[in-house]
Every structure is written in structure tokens, then in C-alpha cells.
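Engineer: Take this structure first; my questions come after.
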Amino acid sequence: MVVALLLLVFLLGLAVGSFLNVVIHRVPRGESVVTPASRCPRCGTPIRARHNLPVLGWLILRGRCADCGTPISARYPLVELGTGLLFAALTWRLDRLGRLPAAPAYLWFAAIGISLALIDLELRKLPNAIVLPSYPVIAVLLTGAAAWQHDWWPLARAGLGAALLFGFFLLLVLIAPAGMGWGDVKLAGLLGGVLAYLSWSALLIGGFSAFVLGAVVGIAAMSVGRAGRKTALPFGPFMIAGALLAIFFADPLAAAWRRLMG
């Protein structure tokens, strides 16, 4: 049963990943994600249905447009495959935690997280068109999960966590506006909700990990000459990576800390 579910979720993730490629390209440019149909950016020829299969389409085309031969970035199949794998991994993790009814909320979070991370890396922005609608979507999905399991404390904890992490990032941006953007503040509330729904440990570790990951990558970039002391790195990807790290490892990390302190 679980294996069949994971396979189904993986296939869903492949399809969603294909759509995310459209979102990543069009949303920051203010374009519709519905029309026109996907087409080659160079020759403008619409992509044929048989070439639009996630991952397989890129392999069939050998990474090039079927009409003009323009190279197609490997990012497209990687996003599709990565989304499928992350969907399956999150579903497995939530099943282990006894929170499988919350899977739709976390799959939504995974989808927007991938989109936001790649957009922020490329354009240094976290579009409101993705972040803000995700608040009511995730709230409704988590409410449904809480009702399904007749357990309302995780939902209340999610609301508190969203407010706490949002408030913390708001304080940071007010104290040091040059070090963080308002998009990070808006994203923080979402992360606080999905993390606190699982546990306070997930909220603490997820919020803290973003700064650790940012510092490590920043130091590494400076050590190889790719950045200087004043180079601004997009923080959204570190926030999302820290949240995913906490979802998978907060419990064992918290247990290890308790053993160390006890």
C-alpha cells in the first residue's frame, strides 16, 4: 500500500515539476502560466505532446529543440525529477510521523519551495504571486488534516509558529534592512506554519538552519573567490533548504540534543 502510494506521488511530482518549469520562467515576468502553450523560446514552435513528457521528453530530444536544434537546459528534467523525488520523500516522512493526512499541504509547500528557490537564485526575488496565495491554501489543507485526525493542537501550533517566525524575520529586516528582504519575511510565515505543525523542534531547527546554511555557503563562496564580504546572497533558498532539513531530521536532532544535555 505504502509503496503504491509513493509511486503514485512520485509520478504526480514529475507532472507537477513540468508545470513548475513554466511557473519559474513566467511568473517573475508577469506572464500567464496557462497560455500560450509551451514553446521553444528561439523559434517559437509549440512543443509537441510526445515531447512534453516529464524527463523522458528531454531525453528523447537529446536536450535540443526538435525544430531548430536550440539546446534545452538540463534544469528542466532536473526540476521534474527533483520534484517527483521530493514528493515521494515527504509523503514517506509524513507517514512515518503519523501525519499523512497533511501530505497535500506539504506537497504544495514542496512545489512552491522549488519554484521560489530557483527564482530567487536567478532573479533575487520571491514573487508575491506565489507566496501570498500559499497562506490560505496551506491553512485550508492543514485545517483539513487536523479535522481528519481530530487533533487540533498541531494546527494551533502552526498558527503560533507562523506568527513567531514571521515576527522574528520582521524584526531582523527592521533592524538590518540591508541584510534581508521583505520577501524573506513573507516566506517566513509560511515556513513557520508548516514546521510548527510538526513540532516546536522542527520550527526551531528549521529557522536556525537557514542561517547556518547561509553562513556555510557564504564562507565557501568567499574561499573560492566567488563572493566578497559585501556580496548579497539570496536567502530564500537557504530558508527552504533549512525547512526541508528540519522536516526530515528535526526529531533525531532534538533527541540527540536531549541525550547530550541529559
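Engineer: For the list (1) among the hydrophobic types (A, V, I, L, M, F, W, C); (2) modelled with pLDDT under 80; (3) more than 24 Å from GLY84 (Cα to Cα), I need the number of the one condition that CYS68 fails.
Structural biologist: Single failed check for CYS68: (2).
Engineer: Considering only residues that are over 23 Å from LEU81 (Cβ atoms) and charged (D, E, K, R), look in region 100-130 and name the one that is most open to solvent (accessible area, probe 1.4 Å).
Structural biologist: Checked region 100-130; the qualifying residue most open to solvent (accessible area, probe 1.4 Å) is ARG124.
Engineer: Quick one: which of VAL216, VAL194, VAL185, VAL173 is more than 15 Å from LEU244 (Cα to Cα), modelled with pLDDT of 95 or more and not small (Gly, Ala, Ser)?
Structural biologist: Criteria check complete, one pass: VAL185.
Engineer: Next up: Return the residues of region 191-209 that are out of contact with any Leu (no Cβ under 8 Å at 6 or more places or on another chain) and not in a helix (DSSP H, G or I); say none if nothing qualifies.
Structural biologist: Matches in region 191-209: SER199 only.
Engineer: So which residues in region 8-34 are without any contact (Cβ under 8 Å) to a residue 40 or more places away in the chain and either of a type in the set (D, E, K, R) or open to solvent by 90 Å² or more (accessible area, probe 1.4 Å) (or both), if there are any at all?
Structural biologist: LEU8, PHE19, ARG26, ARG29, GLU31, VAL34
Engineer: Right, another one. Please state which of the following conditions LEU126 fails to meet, knowing it meets all the rest: (1) within 16 Å of the chain's Cα centre (by Cα); (2) farther than 25 Å from LEU53 by Cβ; (3) in a helix (DSSP H, G or I); (4) not small (Gly, Ala, Ser).
Structural biologist: Result: LEU126 passes all but (3).
Engineer: Within the bounds of region 243-261, is there any residue that is closer than 23 Å to GLU122 by Cβ, over 22 Å from the mean Cα position of the chain (by Cα) and at pLDDT below 95?
Structural biologist: no
Engineer: Which is open to solvent by 50 Å² or more (accessible area, probe 1.4 Å), assigned to a helix (DSSP H, G or I) and within 21 Å of ASP251 (Cβ to Cβ), of VAL216, VAL212?
Structural biologist: None of the other options fit; the residue is VAL212.
Engineer: Inside region 90-123, can you point out the residues that are over 13 Å from the mean Cα position of the chain (by Cα), assigned to a helix (DSSP H, G or I) and not basic (Lys, Arg)?
Structural biologist: Hits for region 90-123 are THR91, TRP92, LEU94, ASP95, LEU97, LEU100, PRO101, ALA102, ALA103, PRO104, GLU122, LEU123.
Engineer: Can you list residue pairs whose Cβ atoms sit under 7 Å apart, with the first residue in region 192-212 being closer than 20 Å to GLY98 by Cα and the second being surrounded by fewer than 24 Cβ atoms within 10 Å (Cβ to Cβ) and basic (Lys, Arg)? Count only pairs 6 or more apart in sequence or on different chains.
Structural biologist: Within 7 Å, the pairs are ALA196/ARG157; TYR197/ARG157; LEU198/ARG99.
Engineer: If you don't mind, another one. Take the residues of region 131-149 that are open to solvent by less than 20 Å² (accessible area, probe 1.4 Å) and over 19 Å from LEU165 (Cα atoms): which is farthest from the chain's Cα centre (by Cα)?
Structural biologist: ALA146
Engineer: A further question follows. Return yes or no: is PRO77 part of a loop (DSSP other than H, G, I, E, B), buried (at least 18 other Cβ atoms within 10 Å of the Cβ) and either among the polar types (S, T, N, Q) or in contact (Cβ under 8 Å) with a residue 12 or more places away in the chain (or both)?
Structural biologist: no
Engineer: I've got another one for you. Going through ALA4, ALA37 one at a time, which residue ends up being free of Cβ contacts under 8 Å to residues at least 12 places away in the same chain, part of a helix (DSSP H, G or I) and surrounded by fewer than 16 Cβ atoms within 10 Å (Cβ to Cβ)?
Structural biologist: ALA4
Engineer: Now a separate question. Taking region 219-242 only, how many residues are open to solvent by 60 Å² or more (accessible area, probe 1.4 Å) and at pLDDT 90 or above?
Structural biologist: Going through region 219-242 one residue at a time, the tally reaches 0.
Engineer: How many residues, within region 40-63, are surrounded by fewer than 15 Cβ atoms within 10 Å (Cβ to Cβ) and either in a helix (DSSP H, G or I) or touching a residue at least 24 places away in the same chain (Cβ under 8 Å) (or both)?
Structural biologist: So the answer is 9.
The values are calculated or read from the model by the stated rules, or taken from the named source; none is laboratory data. Because the structure is a prediction, the values reported are computed rather than measured. Methodologically, a virtual Cβ is constructed for each residue, glycine included, from the backbone with ideal geometry; neighbour enumeration extends over all protein chains shown. Quick note on the areas: whole protein, heavy atoms, side chains included, nothing else; ligands and nucleic acids left out. Shrake-Rupley method; radii C 1.70, N 1.55, O 1.52, S 1.80 Å.
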